Amino acid sequence: MQTIYTDFLVVGAGLAGERAAVQAADAGFSVICLSLVPARRSHSSAAQGGMQASLGNSVMGEGDCPDVHFEDTVKGSDWGCDQEVARLFADTAPIEMRRLAHWGVPWNRVVPGKSIYYKGGKQFEKIEAQEKEGLIMARSFGGTAKWRTCYTSDGTGHAVMCTMDNRCAQMGVEVHDKTEAVALIQDGETCFGVVARCLRTGELRVYLSKATMIAAGGFGRIYPNTTNAVICDGGAHTMCVNTGVVPMGNMEAVQFHPTGIVPTDILVTEGCRGDGGTLLDVNEKRFMHEYEPEKAELASRDVVSRWMTHHMREGHGVKSPYGEHLWLDIRHLGEEHITGKLREVYEICTSFLGVDPIHQLIPVRPTQHYSMGGIRTNKDGAAYGLKGLFAAGEAACWDMHGFNRLGGNSLAETVVAGGIVGRKIAEYLEGCETEFKTSLINDEVKKQQARIDVLVSCANGSENVYKVRRVMQDALHKGANIFRNQEGLETCVAELQEALVRAGKVGLRSDGKGVNPELAVALKLEGQVKMALMVAYGALQRTESRGSHNREDYTARNDRDWLNRTLAYWKNEGDTLPTLEYEAATEVVEIPPGDRGYGKSEIISADTPKDAGKKGK
Amino acid sequence: MSRLLKFNIFRYNPEDAQSEPHMQEFVLEETDAMTLFIALNRIREEQDPSLQFDFCCRAGICGSCGMVINGRPGLACHTKTKDLPGEITLLPLPVFKLVGDLSVDTGSWFREMYTKTESWIHTEKEFDPEALEERMDNKDAVSIYELERCVECGCCIAACGTARMRDDFLGAAALNRVARFLIDPRDQRSEKDYYEIIGNDMGIFGCMGLLACEDVCPKHLPLQNQLGFLRRKMGITSLKRLFGK
Ligand SMILES: Cc1cc2nc3c(=O)[nH]c(=O)nc-3n(C[C@H](O)[C@H](O)[C@H](O)COP(=O)(O)OP(=O)(O)OC[C@H]3O[C@@H](n4cnc5c(N)ncnc54)[C@H](O)[C@@H]3O)c2cc1C
Ligand code: SF4
Ligand code: SF4
Ligand code: FES
């Protein structure tokens with residue numbers, strides 16, 4: 001058994017993982033990042049739109065400052081976020097953008113003088129100031145008061161990922177790609193590293209560390225339709241779920257993106273709407289301005305997704321062999337803009353759909369996009385439940401997003417949180433002495449080897465792993481989607497419980513030798529179903545609507561009973577449901593709960609007496 | 001009616017002592033808007049769950065899924081079956097180490113490339129968190145981004161005659177990387193420094209200029225221009241060195 005020791009182990013080499021790695025390496029610690037794929041292929045590289053930071057260089061961002069960004073973020077979260085964390089984020093974001101510029105990111109820069117932009121399908125003119133020439137430019141993005149999204153053409157995630165990985169190479173941060181962490185090594189109190197499976201040979205390997213961070217991104221692939229990459233499967237989350245002591249925060253808070261293309265669910269960026277793209281229905285008529293007179297297509301994503309679904313339910317959807325959809329129209333932006341600033345979008349449409357967006361409409365529908373929930377940490381990124389375990393990025397519930405994150409805020413979160421948590425980890429490592437117990441390590445390795453043996457020999461049964469996975473995905477799709485209600489969620493939970501039993505009986509059809517891909521899927525399936533149950537059961541219990549969590553039977557946001565965060569544990573291996581606990585959404589309150597200014601505004605405020613309660617049907 | 005597609009796929013599992021390199025045939029019914037991503041996953045889920053291949057973004061942006069498709073290196077997720085004949089032959093990319101079947105190890109190759117080219121900004125300046133960012137002309141930013149679009153898929157390396165013959169040849173992706181830093185005003189390396197890296201047969205002078213690389217690049221990077229640009233720059237630098245300047 002190969003055993004590798006490092007001060008700091010990061011599970012994930014996306015932006016959050018590598019940013020933290022750089023910070024710790026800078027402080028002189030040895031760092032290894034594990035990743036399923038070469039670092040630059042991490043899903044961060046797929047983010048096209050940009051990163052929010054209130055630099056206020058563009059004339060359209062004039063007067064912007066961290067306070068306004070903070071306010072947008074809290075409102076966006078529907079008051080579900082931790083306000084102390086959101087404040088930390090908004091204050092730090094501008095510095096991180098400048099740091100990235102220093103490291104090599106080719107941010108688009110301010111070009112002084114007149115230029116044209118579009119909003120809601122109409123053309124406007126703006127004049128950028130001479131004295132801002134060459135500073136970092138920003139664009140508009142859903143749900144924000146100002147133009148605040150820093151970008152590099154439409155490959156922001158890719159460009160920042162390249163720079164960050166270059167920085168890692170420079171600092172000597174090792175990246176072990178094609179390596180999959182499968183279990184934490186821990187004794188119920190402290191985390192000592194992970195057992196991983198090498199995806200070049202299929203062998204198990206041990207990584208020991210004083211501090212371990214999960215930065216494994218989102219888990220959209222537990223849904224059947226998602227914009228997420230195929231590796232965003234929550235495998236690393238399942239390691240935490242399986243400890244029984246580390247809670248997942250707000251798993252029911254799942255974001256759907258308004259514009260996934262049909263049929264492949266590839267995302268076309270919010271930048272399309274930011275730059276003036278419009279949504280059309282079956283009659284090729286705009287409709288968003290009827291529901292949201294002020295923001296129209298630019299309202300936050302949960303609002304837009306919800307109205308799109310509503311509009312299709314009212315019979316205005318376009319029928320297709322892949323189900324109903326609506327249209328995204330960017331034709332009026334013109335060839336130069338579409339093949340320039342929106343080139344990735346142009347390429348996606350022509351290569352994957354055979355649609356030319358300069359002349360044709362793009363078929364879109366809302367699809368799973370972002371996991372607000374994840375490994376619950378405190379403001380320093382330390383996970384609840386285990387010493388030496390940290391989390392950051394989309395994998396974490398640090399919680400600046402609450403029940404809805406704003407476009408451009410998560411890519412920014414990866415670098416901001418990566419920096420802050422990396423610094424905290426360096427402090428933690430400073431005074432840290434760890435003793436590694438051989439028996440604990442050996443036991444965990446044996447346990448994982450035994451799981452593999454059972455799957456290969458079909459000792460527990462021969463359920464088909466892909467079929468059971470499908471059952472899980474379909475259950476979530478039907479019951480825990482944009483609109484939710486008691487009946488649908490109850491069915492969903494029951495179906496998932498059945499899937500959990502079947503997941504325990506999976507056996508491989510292939511021989512499991514070497515880097516067997518069927519084995520990789522099978523190893524995480526049970527854990528994924530447990531996570532799916534956390535989503536569905538958490539949603540069932542939460543009898544209110546907040547951000548992306550929309551209950552048709554409890555339509556009001558209920559600040560009296562639900563201004564809190566769900567903490568979901570899987571306490572015992574034999575359990576059939578997660579254990580839910582709750583904590584206050586935020587200790588620090590800078591902005592008390594109020595109206596978001598968009599979306600519906602039915603609110604049960606904290607001082608509404610109990611029996612005046614339910615507005616639901 | 002929809003076609004029956006015949007796939008000939010390279011199979012070999014180096015971790016299995018019994019496995020021998022061979023081609024295996026699979027038949028699949030074509031569906032609307034089918035890409036090789038959809039097809040290969042269906043083959044794996046329905047016919048042979050041991051089949052190895054790499055996908056990540058499935059949207060042509062991460063560079064994971066390079067393979068040789070009917071003789072030509074390309075991104076599998078980016079390839080629609082309707083643009084291919086009824087018989088489709090898939091091989092792993094050459095040059096890179098084989099992991100199994102269609103999966104190769106591009107990660108190690110590219111990490112080595114970062115070290116060889118020192119793929120990062122070289123500067124003496126310290127970052128000052130209190131200060132405004134240094135200004136940059138937007139045109140410069142756009143030109144850098146143009147070259148930064150490389151997704152490290154390895155197609156240009158697999159298609160390059162020189163890279164296939166000599167494993168110390170840097171290849172178009174690496175030369176393009178050098179060009180990216182050369183035009184970046186933040187990088188303080190001199191032309192001489194770059195000459196140390198690429199002014200030899202492993203670098204720009206090993207390139208035969210036949211441009212198979214540009215032909216296959218799925219991101220349509222202007223490799224021809226970049227190789228020409230470097231050849232001129234390095235040619236001049238080499239003359240200067242000759243005359244002791
Ligand atoms: C299509 C798309 C577009 C987006 N656009 C934007 C945008 O414009 N602006 C914005 O703010 N946000 C955007 N987002 C969201 C944002 O990109 C992500 O939230 C963010 O990039 C996540 O970064 P991360 O570092 O947390 O994780 P990732 O970049 O996903 O990295 C996860 C890492 O973990 C590794 N990993 C996972 N599991 C394991 C395991 N078991 N063992 C070892 N390694 C593992 C992976 O290999 C990878 O290296 C977008 C998301 C999508 C899906
Ligand atoms: S230059 Fe083009 S072909 Fe070569 S690795 Fe980059 S994207 Fe791929
Ligand atoms: S032009 Fe040069 S780099 Fe490109 S394929 Fe030919 S030899 Fe290789
Ligand atoms: S899977 Fe990302 S480019 Fe093909």
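The values are calculated or read from the model by the stated rules, or taken from the named source; none is laboratory data. This is a predicted model, so every value here is computed, not measured. Because the Cβ atoms are built from the backbone with ideal geometry, glycine has one as well, and the counts that use them run over all protein chains shown. Quick note on the areas: whole protein, heavy atoms, side chains included, nothing else; ligands and nucleic acids left out. Shrake-Rupley method; radii C 1.70, N 1.55, O 1.52, S 1.80 Å.
The residues packed around B:R189, meaning those with a beta-carbon under 13 Å from its beta-carbon, carry a net charge of -2 if Lys and Arg are +1 and Asp and Glu are -1. What residues of segment B:124-164 lie in the reach of a label at B:Q188, counting those whose backbone N is under 14 Å from a point 7 Å from the Cα along Cα→Cβ? Hits in segment B:124-164 for B:Q188 at 14 Å: B:124-128.
Would you work out if segment A:281-374 is rounded, prolate or oblate? Take a ≥ b ≥ c from the square roots of the eigenvalues of the alpha-carbon gyration tensor; rounded if a/c is under 1.5, else prolate when a/b is larger than b/c, oblate otherwise. Judged from the Cα gyration tensor, segment A:281-374 comes out rounded (a/c under 1.5).
Counting charges near B:V27 (Lys, Arg +1; Asp, Glu -1) among other residues having Cβ under 13 Å from its Cβ returns a value of -3. Taking a straight Cα-Cα cut-off under 28 Å and skipping sequence neighbours fewer than 8 places away in the same chain, the lysines within cross-link reach of A:K387 are A:K178, A:K210, A:K379, A:K424, A:K437, A:K446, A:K447, A:K524, A:K530, A:K571. Put a dot 7 Å past the Cα of A:E435, heading toward its Cβ, do the same for A:Q486, and the two dots end up 5.4 nm apart.
Taking every DSSP helix (H) stretch of at least 4 residues in chain A, weighting each as -39,500 (n - 2.57) and dividing the sum by the residue count yields a mean residue ellipticity at 222 nm of -10000 deg cm²/dmol.
Rounded to the nearest 100 Å², what's the accessible area chains B and A bury against each other, both chains counted, probe 1.4 Å? In total, chains B and A hide about 5800 Å² from solvent. Taking every DSSP helix (H) stretch of at least 4 residues in chain B, weighting each as -39,500 (n - 2.57) and dividing the sum by the residue count yields a mean residue ellipticity at 222 nm of -10500 deg cm²/dmol.
Surface composition of the protein assembly as shown: carbon plus sulfur atoms hold 49% of the accessible area, using a 1.4 angstrom probe and ignoring ligands, DNA and RNA. Of interest is the spacing of the C-alpha centroids, which for segment A:325-349 and segment A:71-85 amounts to 32 Å. Taking 30 Å as the limit for the C-alpha separation, the pairs A:K146/B:K80; A:K319/A:K478; A:K467/B:K6 exceed it in the case of A:K146/B:K80. Distance between the modelled labels on A:K285 and A:R331, one decimal in nanometres: 1.8 nm (7 Å Cα→Cβ projection). The spacing between segment B:82-128 and segment B:204-230, judged by their C-alpha centroids, is 16 Å. When the GluC sites (Glu not before Pro) in segment B:92-192 are filtered for DSSP coil states and for at most 12 other beta-carbon atoms within 10 Å of their beta-carbon, the remaining sites are B:E124, B:E126, B:E130. Angle, helix A:83-103 long axis vs. longest principal axis of chain A, Cα atoms, 0 to 90°, nearest 10? Roughly 90 degrees, rounded to the nearest 10. Each part reduced to its alpha carbon centroid, segment A:253-315 and segment A:186-245 end up 34 Å apart. Just give the residues from segment A:483-528 buried by at least 40 square angstrom of accessible area in the all-chains context relative to the isolated chain, probe 1.4 Å, and say none if nothing qualifies. SASA drop of 40 Å² or more in segment A:483-528: A:R509, A:K513, A:V515, A:P517. Decide, for the protein assembly as shown, between rounded, prolate and oblate: order the square roots of the alpha carbon gyration tensor eigenvalues as a ≥ b ≥ c, take rounded if a/c falls under 1.5, and otherwise choose prolate if a/b is larger than b/c, else oblate. In terms of gyration-tensor shape, rounded.
Spacing of the modelled spin labels on A:I591 and B:E196, each 7 Å from Cα toward Cβ, amounts to 5.2 nm. The H on the amide N of A:S548, modeled in the peptide plane, is under 5 Å from the matching H of A:N404, each at least 5 residues off or on a different chain.
Gain on full extension, evaluated as 0.36 nm per residue between A:A584 and A:E189 minus their Cα-Cα distance, stands at 139.8 nm. Take the Cβ atoms of B:D32 and A:T201, set R0 to 45 Å, and the FRET efficiency comes out at 0.70. Entry comment: accessible area of chain B is 45 Å² per residue, from protein heavy atoms only and a probe of 1.4 Å.
In a DSSP loop and with at most 15 other Cβ atoms within 10 Å, the chymotrypsin sites (Phe, Trp or Tyr not before Pro) in segment B:90-189 are B:F127.
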